[in-house]
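Visitor: Have a look at the structure that comes next, please.
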Amino acid sequence: KNEVEQSPQNLTAQEGEFITINCSYSVGISALHWLQQHPGGGIVSLFMLSSGKKKHGRLIATINIQEKHSSLHITASHPRDSAVYICATPETSGSRLTFGEGTQLTVNP
Amino acid sequence: DTGVSQNPRHKITKRGQNVTFRCDPISEHNRLYWYRQTLGQGPEFLTYFQNEAQLEKSRLLSDRFSAERPKGSFSTLEIQRTEQGDSAMYLCASVESGTGYGYTFGSGTRLTVV
């Protein structure tokens with residue numbers, strides 16, 4: 001069974017700071033998802049990646065398959081980035097996801 | 001296609017009552033998942049469907065829970081004789097099983113059992 005761990009659990013930053021959230025998993029995977037959840041519950045998929053790095057706006061996700069580790073970076077953080085960020089891994093393509101417990105990010109103005 | 005739709009968004013019910021939630025997935029997606037999320041935790045798998053077939057159920061899914069996807073399109077999740085411990089966010093997601101791309105979540109149904 002894959003175990004997914006995230007750190008930190010809670011993160012408070014000042015607007016403009018560079019943010020890093022880490023995710024480690026125990027079993028080899030086909031891909032890793034980074035998800036964002038705002039108060040109210042809806043989950044939005046930010047990235048799915050299986051190697052290297054992906055960038056979308058101020059968000060960057062990297063993955064190291066050998067080390068079973070991924071990071072989500074936010075550059076020039078803004079209060080609207082405040083949310084819970086969750087990493088999740090499927091066992092195979094399209095299979096159910098195993099989720100980390102999430103990182104609560106608060107960006108203060 | 002407007003993504004994955006879940007109804008209702010919120011449900012407050014008295015203990016012992018039955019509740020039913022609905023999920024409308026993305027039409028091209030053949031696989032549909034139900035997850036449950038309690039406060040401060042990541043979502044946990046409940047069950048999934050490949051088209052109309054329910055292929056796996058978590059041990060979290062007691063016999064008070066039942067899920068259907070009768071025509072391989074929308075799905076329903078019913079909880080009978082609700083208990084306070086059932087209070088949670090119930091999330092639905094759909095995906096095309098072949099590629100794994102396009103994993104899309106609904107906004108969830110928040111259940112409060114009083």
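Visitor: Roughly how big is chain A's charge dipole about its Cα centre, with Cβ charges of +1 (Lys, Arg) and -1 (Asp, Glu), in debye to the nearest 20?
Guide: On the way: 8 positive and 8 negative charges, 66 e Å.
Here chain A has a charge dipole of around 320 debye.
Visitor: So, one more: Can you give the net charge of the other residues whose Cβ lies under 10 Å from the Cβ of A:GLY41, counting K and R as +1 and D and E as -1? Don't skip to the answer; put the middle values down first.
Guide: Numbers: positive: B:ARG9, B:ARG110; negative: none.
Within the 10 Å Cβ shell, the charges total +2.
Visitor: Can you give the mean number of other chain Cβ atoms that lie within 10 Å of the Cβ atoms in peptide B:33-42?
Guide: Values: counts 4, 1, 5, 0, 6, 0, 0, 5, 4, 14.
For peptide B:33-42, the averaged partner shielding equals 4.
Visitor: Let me ask something additional. Using a 10 Å cut-off around each Cβ of peptide A:40-49, what is the average number of partner chain Cβ atoms that fall inside? Write down the numbers at each step before the final one.
Guide: Values: counts 6, 13, 10, 13, 4, 6, 0, 0, 5, 0.
Averaged over the peptide's residues, the number is 6.
Visitor: Sorted by average packing, counted as other Cβ atoms within 10 angstrom per residue and highest first, what order do A:52-65, B:77-90, B:25-38 take? Before the final figure, lay out the partial values.
Guide: Numbers: A:52-65: 14.6, B:77-90: 17.1, B:25-38: 19.9.
Descending packing order for the listed peptides: B:25-38, B:77-90, A:52-65.
Visitor: With a 1.4 Å probe on protein heavy atoms only, work out how much accessible surface A and B bury together, total over both chains, in Å² to the nearest 100. Mind dumping the intermediate values first?
Guide: Working: alone 5910 and 6430 Å², together 10720 Å².
Counting both chains, the buried surface is close to 1600 Å².
Visitor: Additional query: Could you name the aspartates and glutamates in cross-link range of B:LYS11, using Cα to Cα under 18 Å and dropping any fewer than eight places away on the same chain?
Guide: B:ASP24, B:GLU78, B:GLU83, B:ASP86
Visitor: While we're here: With all protein chains present, how much of the accessible area of the protein assembly as shown (probe radius 1.4 Å) comes from carbon and sulfur, to the nearest whole percent? Intermediate values should be presented prior to the final figure.
Guide: Details: 5020 of 10720 Å².
On the protein assembly as shown, the fraction of accessible area on carbon and sulfur atoms equals 47 percent.
Visitor: To the nearest whole number, what is the average tally of beta carbon atoms from other chains within 10 Å of the beta carbons of peptide B:4-16? Kindly include the intermediate steps, with their values, before the conclusion.
Guide: Working: counts 2, 0, 2, 0, 0, 3, 2, 0, 0, 0, 0, 0, 0.
Mean shielding by partner chains, rounded to a whole number: 1.
Visitor: Follow-up question, since we're still on this one. Do any GluC sites (Glu not before Pro) in the stretch A:28-109 lie in a DSSP loop with no more than 13 other beta carbon atoms within 10 Å, and if so, which?
Guide: On the way: sites: A:GLU67, A:GLU91, A:GLU101; in loops: A:GLU67, A:GLU91, A:GLU101.
Loop-located and lightly packed - A:GLU67.
The values are calculated or read from the model by the stated rules, or taken from the named source; none is laboratory data. None of the values given here were measured: they were computed from a predicted structure. Cβ: placed from backbone, ideal geometry, glycine included. Neighbour counts: every protein chain shown. All accessible areas refer to the heavy atoms of the entire protein, side chains included, with ligands and DNA or RNA removed. Shrake-Rupley method; radii C 1.70, N 1.55, O 1.52, S 1.80 Å.
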